[in-house]
Amino acid sequence: MKAAIIDKFKEKLEIKNVPVPEVGAKDVLVKIHACGVCHTDLHACHGDWPVKPKLPLIPGHEGVGEIVKLGSEIRYLEVGDRVGIPWLFSACGHCDYCLDGKETLCLEQQNAGYSVDGSYAEYCVANGEYVVKIPDEVSYVEAAPLFCAGVTTYKALKVAKVKPGQWVAIFGAGGLGHLAIQYAVAMGMKVIAVDTGAEKMALARELGATHCIDFKQDNPSEKIQSVAGGVHGVVCTAVSKVAFEDSYKALRRGGTLVLVGLPPEEMPIPIFDTVLNGVEVVGSIVGTRKDLKECLQFAADGKVKANIQVKPLEQINEIFDEMLKGEINGRIVMEMADKD
Ligand code: NAD
Ligand code: ZN
Ligand code: ZN
């Protein structure tokens, strides 16, 4: 099968021909139709984070396709089922976190396109317990970005605890952020978006943000304090330390800052202000299978739709270049050429 593979951090990915992976008893083989390109894949290929991915690696954790083979122990899925393979490739299923509905915190989890090979390929093997079915109303290309960008921002908004009618600010209106705006609107929140460039501002407005702040032209936190008296919640998806500092300053008293973006730097948090203002700063990592199921239903109901550009797998290096420059408006989804 054809796959995009990274051998060494910061080098280009190469399209190679590799064997279709073996299917274990609890696995399914998925013929990949489409896979979104997440900024996390770029961090993985650059070795940006303290925990490194395996190498060589087939990245990709927004892969969607049809099941073509079932492991001998799979009972609840069928050949032909339309599924996606999320970042949470598998978890142990029996630790305190797994039992408590917090499977994304499981210490024994595997991550697609990071600790195991992902979906930048014509086929991907997946753990049958952790694939999630795609509703009929949602096409493969539309579903792909929801398997990370969608579920992550939907979950982060839950973590932010912003109620209908209250203010939320979305810092970074890229792949994750442009979906965050839509989920927030669908959940009844009033949305302020922060990013840069006329195109991203226009998209954010079209998707329902009532205020769009270009961080290169305005000071986002000052503007947010003046518009809304500070927001009840912020979801920060930007790959920028400055954006996290701005996000913190954009909160109103009692507000919640949800950290989602993963720039490799640290963020200093002022103890005095945090205590006196009673604010919360909390990390949020992807979402559970239940969150994913819910987030897909928003798309099936026509409330959320990613802004997508479709490109072939062969263009992955150019896609990464565009992403580094912040030039992508929405999400790029790679369609696999062989679709018979
Ligand atoms: P992206 O490149 O599509 O979007 C990032 C956006 O941030 C861009 O539009 C960029 O212009 C904007 N930005 C840069 N500096 C900014 C600033 N100072 N203020 C406001 N916006 C700014 O990336 P993405 O795929 O949306 O991923 C974003 C980050 O989220 C990455 O670090 C990724 O690894 C991380 N991520 C985290 C989770 C999680 O579970 N926590 C899941 C997926 C991705
Ligand atoms: Zn991702
Ligand atoms: Zn576990």
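Kirkwood's formula applied to the C-alpha pairs of segment 145-276 gives a hydrodynamic radius of 14.2 angstrom. Eigenvalues of the alpha-carbon gyration tensor of segment 55-145, scaled by 5 and square-rooted, set the equivalent ellipsoid semi-axes at 21, 16, 13 angstrom, largest first.
If packing is taken as the average count of other Cβ atoms within 10 Å, what order do 142-149, 159-166 fall into, highest mean first?
Ranked by mean Cβ neighbours within 10 Å, highest first: 142-149, 159-166.
Sorted by average packing, counted as other Cβ atoms within 10 angstrom per residue and highest first, what order do 62-71, 266-275 take? Present the calculation step by step, with values, prior to reporting the outcome.
Values: 62-71: 23.0, 266-275: 11.2.
Averaged packing, sorted descending, gives the order 62-71, 266-275.
Sites listed here are trypsin sites (Lys or Arg not before Pro) in segment 270-339 whose DSSP assignment is loop and whose Cβ has at most 10 other Cβ atoms within 10 Å: Lys325.
For the chain, the longest principal axis of the Cα atoms and the long axis of helix 289-300 meet at an angle of about 80 degrees.
The percentage of C-alpha pairs in segment 64-104 whose separation is greater than 11 Å is 70%.
Taking each DSSP H run with n ≥ 4 as -39500 (n - 2.57) and averaging over every residue of the chain yields -8000 deg cm²/dmol at 222 nm. Looking at the chain alone, DSSP beta bridges between its own residues are antiparallel in about 50 percent of cases.
If you bin all the Cα-Cα distances of segment 1-133 at 5 Å, starting from zero, the percentages per bin are 2, 12, 20, 22, 20, 14, 7, 2, 0.
Using the Stokes-Einstein relation with a Kirkwood hydrodynamic radius computed over Cα pairs, the translational diffusion coefficient of the chain at 37 °C and a viscosity of 0.692 mPa s comes to 163 µm²/s. Highest mean packing comes first when the peptides 21-31, 46-56, 312-322, 254-264 are listed by Cβ atoms within 10 Å, giving 254-264, 21-31, 312-322, 46-56.
Calculated from the alpha-carbon coordinates, segment 243-340 shows an Rg and a Dmax of 18.6, 61 Å respectively.
Quantify how much of the Cα-Cα distance distribution of segment 168-223 extends past 12 Å, in percent. Walk me through the numbers on the way to the answer.
Working: 855 of 1540 pairs.
Of the Cα pairs, 56 percent sit more than 12 Å apart.
Here, each number is a calculation from the coordinates, and none is a lab measurement. Note that the coordinates shown come from a computational prediction; the quantities given were computed from them, not determined experimentally. Cβ atoms come from the backbone with ideal geometry, glycine included; neighbour counts cover every protein chain shown.
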